[in-house]
Every structure is written in structure tokens, then in C-alpha cells.
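Trainee: Quick one: structure below, then a few questions.
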Amino acid sequence: MGWLSRTSSKASDDQVGPPQGTTQQGPTQPGTQPGTQPGTTPAAAAASAPTAATAGGPESSEGAAVGRYGPLVCVTRFDVAAPELEWQLPLNGELYRVLPGSDRPDYSLLVLERPLHFYPTEGFDLARVEAGQRVQDRKGRTMVRVHALLLCSRFVGEQLHPGMRDLAVNLAYVVDNSLARDAEVDFAKIEFAATGFLSEGHAPRAGEAQAPAPDAPARADAHADAPADAPADAAPATRHPAADVFDAVAAALREGVAAQRGEPVVRMTAALTLDGGHRLTGLSGNADGQPPAPTPETFERIGELLSGLAGLGEQGRVAAVTLRVDGDAVTHEVTRTHEPS
């Protein structure tokens, strides 16, 4: 696991990994037998194996696929997954750290470049996630937003390694971001997501050069009644009337998180929820691998800035917005709006 130790000093301080050359049993979803997936038989699991890499795969080169905390990786296809996950491919991110579990020592925490949204299954307790992680699609159906995945290799003798292509992995949603600070995996903080294939490097998103991908809840809803082979919709890049407000909020939040930590923030994804009076009611996300927790004074400043939405009429009825900061670049996506009163 020396490859995953190629991280910044902050990530290295948190590194926990298995001994060199350790061979582990593959899938370890709690409550299943080794080599099986929930709801499948051992024979069915053994029959599923990686296939050849798809065309237009991830772009990487020796020594160039390392982010701020660790190797850049991507999931470009699934073996077993819910439809809404298929529509959000590829999943790009960074391997932040290794976490031991009660059943194996080599779980890996993958911090996503973009939040991932999923429909909770029947019986899923929404109290497990923060209010800011609960969003709605265009039909009002509840979705959960996550910013990280926990993964492990599926088969005996396989491990994450440099130059990997289509390594079979188990994937779980991290529904509680405090897992990033834990010494070992707390299975109460994750939820099984899918089985898929992991490659080194980042993969380009469909239509990325022409237009930004729509937000996940809208995209999932757009395809809910569409044929399985329907292409993903895309909207032309336009500047939201509240863009200046969002830019100012992103800057204030970034400064507040940096002041709270005593160190600068380089990359940040923050999901904000607002009530009908433009007041902040929820904040979640990821700022350089940690929750975006600012100083108490920052919330007052953000409240002042968000009040600027009041003068935008219909365009100011923002109920949820995701802010992304990457160096000097700032982008934002309005993911939900309030209905007219």
C-alpha cells in the first residue's frame, strides 16, 4: 500500500494501512459471506468478473495522477448499481486514506470530486444523515447527497495499485462524514452502494467540453421515465442571477473555514440549504478532506450575504445550492428551489 502513501503530509498523518504483501478476502459487506454481494449467491458473485476496459477511459500518466491527498481514481462503470448511479458516471475522486475494518485492514476512503446522490432504500433511516444532505428531485422525491465513498477490492489477492484498470471493487456511501477522522471503519456510518470497477486517473464527463453536467437530482429525475438508452440531458452554461451572491458566500465560507483551522483551504464543496426567508438551515460538504466548519462569525456574514437573494424575485427562491471551490475557480449549482408562496 505504499502507493496510497503518496499523499500530502496531512493525509500521511492519518494513514492507516495493512502490512506489505497482505492478501485479503475480497467483498466484506457486513452480513454476507466472503465473495458474495447482498442478495446474491456465492455462485453468482463468482460469475461476475471484470471485462475489458471501455473506450475513452481515464486519462493518467506516470507521476501525474496524484491529487492533494492521494492518487486520482475514477469509477467508469458498475457491475451492480441503482439506475441513478449510472446516470452520474464517471465518479472521479481522490484516495484520501486507508482505514482498517473489523474484517480486513485495507478499506480506502474515496473523496469525490462531485457529490453523489442516491434514492434511499426502504427502511433507510434518514436520521443517519445531516439535514443538508437530504435533497429532492424535481418530483419531490427524497435523495441523499454524499461526498465520499468507502471501497475495497472484491476478490482474493487483489489490491489497489498504480496503473490499475477496471479493478473490481465494492462501494459504500459514506453517510456520516466523521468517518474521515475515525481510526477504523464504523459500519454504522456507511451504506452499501454498488459493485463496480476502479481505475487510476480521472475520466472526462460526457459533454464536459460543451456544457456542465446537470445536478444529480435533476438528472436522475429527467431519466426516471426515459428509456434505458436515453442520453443524459445537458443545459447550456449560463450565469445564475444570484451568481454574485453565491461567489461572495463561497469566499466567506472558505475564509471562515481557513480561520477556524488556521490553514488555507484549497478545494471545497459545500451544500447549503435555505429556508423561505433566505436563512441558512443546513451546511455539509468537504473542505480539503474535512467538513467545512467555519468560525461562528462566518455564519452571521453568510446570513447577510444570503439576504441579497430577497431582491431577485423568482430567481431568489433558492432552497439548496452547492458551491465548489478549486483554487481560484468558483462554481455553483442550484439544486432545489422553493415553490411560490
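The values are calculated or read from the model by the stated rules, or taken from the named source; none is laboratory data. Note that the coordinates shown come from a computational prediction; the quantities given were computed from them, not determined experimentally. Don't worry about glycine lacking a Cβ; one is built from the backbone with ideal geometry, like all the others, and counts go over all protein chains shown.
Trainee: Taking the conditions exactly as written (exposed (fewer than 14 other Cβ atoms within 10 Å of the Cβ) and under 30 Å from VAL334 (Cβ atoms)), does ALA148 satisfy them or not?
Mentor: In short, no.
Conditions tested, residue by residue: (1) hydrophobic (A, V, I, L, M, F, W, C); (2) in a loop (DSSP other than H, G, I, E, B).
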| site | (1), (2) |
| --- | --- |
| HIS240 | no, yes |
| ASP244 | no, no |
| LEU253 | yes, no |
| ALA258 | yes, no |
| ALA270 | yes, no |
| LEU283 | yes, no |
| PRO292 | no, yes |
| GLU314 | no, no |
| VAL325 | yes, no |
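Trainee: Taking the residues in segment 270-328 that are small (Gly, Ala, Ser), under 12 Å from HIS338 (Cβ atoms) and in contact with a strand residue (DSSP E or B) (Cβ under 7 Å, 6 or more places away or on another chain) as candidates, determine which candidate is surrounded by the most Cβ atoms within 10 Å (Cβ to Cβ). Walk me through how you get there before you give the answer.
Mentor: Taking segment 270-328 and keeping what is small (Gly, Ala, Ser), we get 270-271, 276-277, 282, 284-285, 287, 289, 293, 303, 307-308, 310-311, 313, 316, 319-320, 327.
Checking which are under 12 Å from HIS338 (Cβ atoms) leaves us with 276-277, 316, 319-320.
Of the ones still in play, those that are also in contact with a strand residue (DSSP E or B) (Cβ under 7 Å, 6 or more places away or on another chain) are 319-320.
Values: ALA319: 19, ALA320: 23.
In this case the residue turns out to be ALA320.
Trainee: Right, something else. Against the conditions (1) buried (at least 18 other Cβ atoms within 10 Å of the Cβ); (2) at pLDDT 90 or above; (3) over 15 Å from PHE197 (Cα atoms), where does VAL73 fall short? Just the number, please.
Mentor: Failing condition for VAL73: (3).
Trainee: Does ASP176 satisfy being modelled with pLDDT of 50 or more, among the acidic types (Asp, Glu) and farther than 21 Å from ARG154 by Cα? If you could, list the steps in order and put the result at the bottom.
Mentor: Working: modelled with pLDDT of 50 or more: yes; among the acidic types (Asp, Glu): yes; farther than 21 Å from ARG154 by Cα: yes.
In short, yes.
Trainee: While we're here: Restricting to segment 300-334, count the residues that are without any contact (Cβ under 8 Å) to a residue 40 or more places away in the chain and on the phi > 0 side of the Ramachandran plot.
Mentor: Qualifying residue count, segment 300-334: 1.
Trainee: While we're here: PRO292: without any contact (Cβ under 8 Å) to a residue 60 or more places away in the chain and within 15 Å of the chain's Cα centre (by Cα), yes or no? Talk me through it step by step, then tell me what you get.
Mentor: Numbers: without any contact (Cβ under 8 Å) to a residue 60 or more places away in the chain: yes; within 15 Å of the chain's Cα centre (by Cα): yes.
Spelling it out, PRO292 is indeed without any contact (Cβ under 8 Å) to a residue 60 or more places away in the chain and within 15 Å of the chain's Cα centre (by Cα).
Trainee: Shifting gears a bit: Looking at segment 135-145, which of its residues are touching a residue at least 40 places away in the same chain (Cβ under 8 Å), crowded, with 18+ Cβ neighbours inside 10 Å and outside any loop (DSSP other than H, G, I, E, B)?
Mentor: Pass one, segment 135-145, residues touching a residue at least 40 places away in the same chain (Cβ under 8 Å): 135-139, 141, 143, 145.
Remaining after also requiring crowded, with 18+ Cβ neighbours inside 10 Å: 135, 137, 143, 145.
Passing the criteria: VAL135, MET143, ARG145.
For (1) charged (D, E, K, R); (2) within 13 Å of MET268 (Cβ to Cβ); (3) in the same structural domain as ARG279 (by TED's automatic domain parsing), each residue gets a yes or a no:
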| residue | (1), (2), (3) |
| --- | --- |
| PRO292 | no, yes, yes |
| PRO296 | no, no, yes |
| ARG301 | yes, no, yes |
| LEU306 | no, no, yes |
| GLY311 | no, no, yes |
| ALA319 | no, no, yes |
| LEU323 | no, yes, yes |
| GLU333 | yes, no, yes |
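Trainee: Right, here's the next one. Given (1) assigned to a loop (DSSP other than H, G, I, E, B); (2) at pLDDT below 75; (3) more than 18 Å from GLN159 (Cα to Cα), where does ALA11 come up short, assuming only one miss?
Mentor: Unmet for ALA11, out of (1) assigned to a loop (DSSP other than H, G, I, E, B); (2) at pLDDT below 75; (3) more than 18 Å from GLN159 (Cα to Cα): (1).
Trainee: Of the residues in segment 155-185, how many are in contact with a helix residue (DSSP H, G or I) (Cβ under 8 Å, 6 or more places away or on another chain) and assigned to a loop (DSSP other than H, G, I, E, B)?
Mentor: 7
Trainee: If a residue has to be assigned to a loop (DSSP other than H, G, I, E, B) and closer than 16 Å to PRO71 by Cα to count, how many in segment 94-127 make the cut?
Mentor: Start the filter on segment 94-127 by keeping residues that are assigned to a loop (DSSP other than H, G, I, E, B), which leaves 100-106, 119-125.
Restricting the remaining residues to those that are closer than 16 Å to PRO71 by Cα gives 106.
Number of matching residues: 1.
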